[in-house]
Amino acid sequence: MAHLVSTQIHENYGAHDWDGTGDCPSHWKAKGGEDYIILGSPSMEDAEHFVSYRVCSSDDYSIEEVVSAHEVAEDHRTEMEKYFGDDHAVRIDWDKRFMSRYCRGGWSPLSVSL
């Protein structure tokens, strides 16, 4: 089995003209989200926790947060994959989850300091 963890991205339109002093104006707008299929995770809670703490981010300008998590078959295809093709969901192998960091737009290697 696998776990489908879906996120919602919000952008703060109030921050576009903010000069950086005082409190940042808030005018949040939903901007889509991502589907993460976690293969081989021990539980749905583990998959959700991983996406929440290793993938999602939050600052004055944008927020990505987990909105749902479901157990799915390993060959599950999201609606976006069915419509647009297989590159519209991020598939993460649980055993290799710390080898790279997903950032919107793709994977990049993690920096390792020894």
**Report entry** Meets criteria (modelled with pLDDT of 95 or more and farther than 15 Å from Arg91 by Cα) for Val5
**Finding:** no
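With the structure loaded, tell me whether Glu48 is surrounded by 11 or more Cβ atoms within 10 Å (Cβ to Cβ), farther than 13 Å from Leu4 by Cβ and among the charged types (D, E, K, R) or whether it fails that test. Working first, answer last.
Numbers: surrounded by 11 or more Cβ atoms within 10 Å (Cβ to Cβ): yes; farther than 13 Å from Leu4 by Cβ: no; among the charged types (D, E, K, R): yes.
No: the conditions fail for Glu48.
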Report task. Can you work out which of the residues in segment 52-81 that are among the aliphatic types (A, V, I, L, M) and in contact with a Cys (Cβ under 9 Å, 6 or more places away or on another chain) is farthest from Val5 (Cα to Cα)? Result -> Ile63
**Report entry** Identity of the residue in segment 19-76, polar (S, T, N, Q) and not in a strand (DSSP E or B), that ends up farthest from Arg91 (Cα to Cα)
**Finding:** Thr21
**Report entry** Tabulated pairs, segment 29-43, first crowded, with 16+ Cβ neighbours inside 10 Å, second of a type in the set (Lys, Arg) and assigned to a strand (DSSP E or B), C-beta under 9 angstrom, 6+ apart or interchain
**Finding:** Tyr36/Arg91; Ile37/Arg91; Ile38/Arg91; Leu39/Arg91
Query raised in the report: When segment 1-28 is examined, which residues are found to be closer than 14 Å to Ser62 by Cα and either touching a residue at least 24 places away in the same chain (Cβ under 8 Å) or of a type in the set (A, V, I, L, M, F, W, C) (or both)?
Result: Thr7, Gln8, Ile9, His10, Glu11, Asn12, Ala15, Trp18, Cys24, Trp28
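The values are calculated or read from the model by the stated rules, or taken from the named source; none is laboratory data. Worth saying up front: this structure is predicted, and the values here are computed from it rather than measured. Quick reminder, even Gly has a Cβ in these numbers, built from the backbone with ideal geometry, and neighbours come from all protein chains shown.
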